[in-house]
Amino acid sequence: THVKTSQETEIMDGVSLLELGYLNGKSHAMQAYIYKVELGAAMVKVSVPDDDTKIEKVQKLTLQANAIENSGKYLVMGGISGGSFNAETGAPSGILYHNSKAYSSNFGKDAAFFAVMKDGAAVCLDASEFEAKKSKVTEAVSGSAMILKDGYVLTETDASTTAKAAVGVNEDGTAIYLVVVDGGDYFYSNGIANSDMATLLKGCGASDATILSSGKNVSAFTRDENSVDLFSLISKPSNDGLEAAIGNGLVILQY
């Protein structure tokens, strides 16, 4: 109903970050962080603890970014928390592909997935479509539900208003939208229902989208050359404002 604050930052050519504070239809405070990544200028890949092949552990997303940066292969520009994982072991609860390797190919309770394909295009699809696509997947995580399909907002799958992370792609798979909406703080941000997240992503330009995760593990960060740690948390996690250790994320990398 009302935009309170809106600040867009060009992170690099082809990558922008929109920090959006607004009042929703119930006049509740909301705070969203929206990355738009034009593929070709940058890439989106899965991150895992210590950038390691042994993924059964948890680590803060900003530290996962540090591990990638320290490898010397890429510059990390930002990112958001990824798919669901086992809180004790860090193992993915759904699928996870990284560098064309399948670390987990079982969807569990997840019903959708985000993937970057060998031809460079990105997709958000229903879990039933994975079998036909998996041989061409390079990076992938699963999500709890498809929320946007061919530009149509799908039937509500989770009306609970909690912090949520989501990912969307445009019609031809050349642009990716990474979105975090904070929750758990009445005066700052109240969390978002899945259908409202779908509407937000559609407004950004996404054609297909899925919810990645929700709750206290949701976070977003950006590269900050003025920070001692290089990467700064930009969201306010519903984990008492503290960044939680997680099993995986989606990060934006400069070639």
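Take the conditions more than 12 Å from Lys60 (Cα to Cα), of a type in the set (Val, Ile, Thr) and modelled with pLDDT of 95 or more and apply them to Ile246. Does it pass? It would help to see each step written out before you state the result.
On the way: more than 12 Å from Lys60 (Cα to Cα): no; of a type in the set (Val, Ile, Thr): yes; modelled with pLDDT of 95 or more: yes.
Taking the combined requirement at face value, the residue does not satisfy it.
Per-residue answers, yes or no, for (1) within 15 Å of the chain's Cα centre (by Cα); (2) under 19 Å from Val180 (Cβ atoms):
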{"residue": "Val15", "(1), (2)": "yes, yes"}
{"residue": "Ala29", "(1), (2)": "no, yes"}
{"residue": "Gly40", "(1), (2)": "no, no"}
{"residue": "Ser47", "(1), (2)": "yes, yes"}
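Taking the stated definitions as given, is Ala198 more than 25 Å from Asn106 (Cβ to Cβ) and out of contact with any Pro (no Cβ under 6 Å at 6 or more places or on another chain)?
On the way: more than 25 Å from Asn106 (Cβ to Cβ): yes; out of contact with any Pro (no Cβ under 6 Å at 6 or more places or on another chain): yes.
The answer is yes for Ala198.
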_Exclusive hit being open to solvent by less than 70 Å² (accessible area, probe 1.4 Å) and farther than 23 Å from Gly173 by Cβ, set Leu125, Leu61, Leu96_ = Leu61
*For the stretch 57-103, which residues satisfy the criterion of being outside any strand (DSSP E or B), closer than 24 Å to Asp119 by Cβ and touching a residue at least 40 places away in the same chain (Cβ under 8 Å)?*
Ile68, Tyr74, Gly82, Gly83, Gly94, Ile95, Asn99
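Could you count how many residues in the stretch 224-238 are over 21 Å from Val141 (Cβ atoms) and in contact (Cβ under 8 Å) with a residue 24 or more places away in the chain? Write out each step before concluding.
Step one: filter the stretch 224-238 for residues over 21 Å from Val141 (Cβ atoms), giving 224-230, 232, 236.
Restricting the remaining residues to those that are in contact (Cβ under 8 Å) with a residue 24 or more places away in the chain gives 229-230, 232, 236.
Matching residues across the stretch 224-238 total 4.
Give me the residue from the stretch 211-244 that is of a type in the set (Asp, Glu) and open to solvent by 50 Å² or more (accessible area, probe 1.4 Å) and, out of that set, nearest to Thr161 (Cα to Cα).
Within the stretch 211-244, the subset of a type in the set (Asp, Glu) is 224-225, 229, 240, 243.
In the following step, the residues that additionally are open to solvent by 50 Å² or more (accessible area, probe 1.4 Å) were identified as 225, 229, 240.
Values: Glu225: 34, Asp229: 32, Asp240: 17 Å.
Among residues in the stretch 211-244 that are of a type in the set (Asp, Glu) and open to solvent by 50 Å² or more (accessible area, probe 1.4 Å), the one nearest to Thr161 (Cα to Cα) is Asp240.
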*Kindly indicate which of Gly247, Gly173, Gly184 is out of contact with any Asp or Glu (no Cβ under 6 Å at 6 or more places or on another chain), surrounded by fewer than 24 Cβ atoms within 10 Å (Cβ to Cβ) and closer than 27 Å to Leu39 by Cβ.*
Gly173
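The values are calculated or read from the model by the stated rules, or taken from the named source; none is laboratory data. From a predicted model like this one, the values you see are computed outputs, not experimental measurements. Ideal geometry is used to build each Cβ from the backbone, glycine not excepted, and the neighbour counts take in all protein chains shown. Accessible surface areas use protein heavy atoms only, side chains included; no ligands, DNA or RNA. Shrake-Rupley method; radii C 1.70, N 1.55, O 1.52, S 1.80 Å.
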